[in-house]
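**Q** Please find one structure pasted underneath; my questions will follow.
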Amino acid sequence: MADCLFCKIVAGDIPSTKVYEDESCYAFRDINPQAPTHILVVPKAHVSSIAQIGDLNKDVIADLMTAIGRIAEQERLENGFRVVSNCGPDACQSVPHLHFHILGGRKMGETMA
Ligand code: 5GP
Ligand code: ZN
């Protein structure tokens with residue numbers, strides 16, 4: 001999508017620190033990390049949030065979940081990690097291209113919200 005920040009990152013038009021890529025997913029380090037490891041995993045195809053995930057090919061959805069596991073292993077998050085996908089204004093989603101945050105490298109807070 002022309003005016004989408006993460007579509008531009010996927011296309012390489014905006015630089016990012018890549019940690020993983022396959023035919024359907026791209027993952028890169030968050031510019032404003034909230035934990036020692038903070039990675040964003042996005043589908044290369046544009047959908048705006050997890051509310052529209054049904055618009056993606058089921059293989060792409062499976063690839064996203066598989067990528068999260070592979071990245072956690074690659075980043076040596078064997079002690080655990082948290083996966084978050086903010087959806088819409090109540091969840092403070094700021095970039096309207098579906099993304100999963102992988103947060104790790106320290107003990108997470110007890111509450112999620
Ligand atoms: P959201 O608030 O939508 O769940 O998450 C968006 C995330 O994208 C935020 O954690 C923010 O730091 C990150 N972000 C915003 N702009 C950029 C950018 O240009 N590059 C990278 N690497 N991350 C970004
Ligand atoms: Zn996009």
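**Q** For region 89-110, which residues satisfy the criterion of being free of Cβ contacts under 8 Å to residues at least 12 places away in the same chain and either closer than 17 Å to Lys8 by Cα or within 8 Å of ligand 1 (Cβ to nearest atom) (or both)?
**A** Those that are free of Cβ contacts under 8 Å to residues at least 12 places away in the same chain and either closer than 17 Å to Lys8 by Cα or within 8 Å of ligand 1 (Cβ to nearest atom) (or both): Ala91, Cys92, Ser94.
**Q** Report yes if Ile68 is β-branched (Val, Ile, Thr), open to solvent by 40 Å² or more (accessible area, probe 1.4 Å) and over 14 Å from Ala35 (Cβ atoms), otherwise no.
**A** Details: β-branched (Val, Ile, Thr): yes; open to solvent by 40 Å² or more (accessible area, probe 1.4 Å): no; over 14 Å from Ala35 (Cβ atoms): yes.
For Ile68, the condition - β-branched (Val, Ile, Thr), open to solvent by 40 Å² or more (accessible area, probe 1.4 Å) and over 14 Å from Ala35 (Cβ atoms) - is not met.
**Q** Residues Ser85, Ser94: which one is of a type in the set (S, T, N, Q), within 16 Å of ligand 2 (Cβ to nearest atom) and within 16 Å of Tyr26 (Cβ to Cβ)?
**A** Numbers: Ser94 fails: within 16 Å of Tyr26 (Cβ to Cβ).
None of the others qualify; the one that does is Ser85.
**Q** If a residue must be outside any helix (DSSP H, G or I), over 16 Å from Phe100 (Cβ atoms) and either of a type outside the set (Ser, Thr, Tyr) or in contact (Cβ under 8 Å) with a residue 40 or more places away in the chain (or both), how many such residues does region 1-30 contain? Please lay out each step first, then the result.
**A** Within region 1-30, the subset outside any helix (DSSP H, G or I) is 1-4, 12-30.
Still in the list and also over 16 Å from Phe100 (Cβ atoms): 1-4, 12-15, 17, 23.
In the following step, the residues that additionally are either of a type outside the set (Ser, Thr, Tyr) or in contact (Cβ under 8 Å) with a residue 40 or more places away in the chain (or both) were identified as 1-4, 12-15, 23.
Residues that pass the stated criteria total 9.
**Q** Among the listed residues Val42, Val83, identify the single one that is without any contact (Cβ under 8 Å) to a residue 60 or more places away in the chain, under 26 Å from Lys107 (Cβ atoms), out of contact with any Ser or Thr (no Cβ under 6 Å at 6 or more places or on another chain) and of a type in the set (Val, Ile, Thr).
**A** Working: Val42 fails: under 26 Å from Lys107 (Cβ atoms).
Checking each option against the conditions leaves just Val83.
**Q** Can you find even one residue in region 97-112 that is basic (Lys, Arg) and touching a Pro at 6+ places or on another chain (Cβ under 7 Å)?
**A** Going through region 97-112, the residues basic (Lys, Arg) turn out to be 106-107.
The next check asks that each one be touching a Pro at 6+ places or on another chain (Cβ under 7 Å); those that pass are 106.
Within region 97-112, one or more residues are basic (Lys, Arg) and touching a Pro at 6+ places or on another chain (Cβ under 7 Å).
**Q** Among the residues of region 8-28, are any closer than 24 Å to Glu110 by Cα and within 16 Å of ligand 1 (Cβ to nearest atom)?
**A** There is no residue in region 8-28 that is closer than 24 Å to Glu110 by Cα and within 16 Å of ligand 1 (Cβ to nearest atom).
The values are calculated or read from the model by the stated rules, or taken from the named source; none is laboratory data. All figures in this text were calculated on a predicted structure; none of them were measured in a lab. All Cβ positions, even for glycine, are placed from backbone atoms using ideal geometry, and neighbour counts span all protein chains on display. Quick note on the areas: whole protein, heavy atoms, side chains included, nothing else; ligands and nucleic acids left out. Shrake-Rupley method; radii C 1.70, N 1.55, O 1.52, S 1.80 Å.
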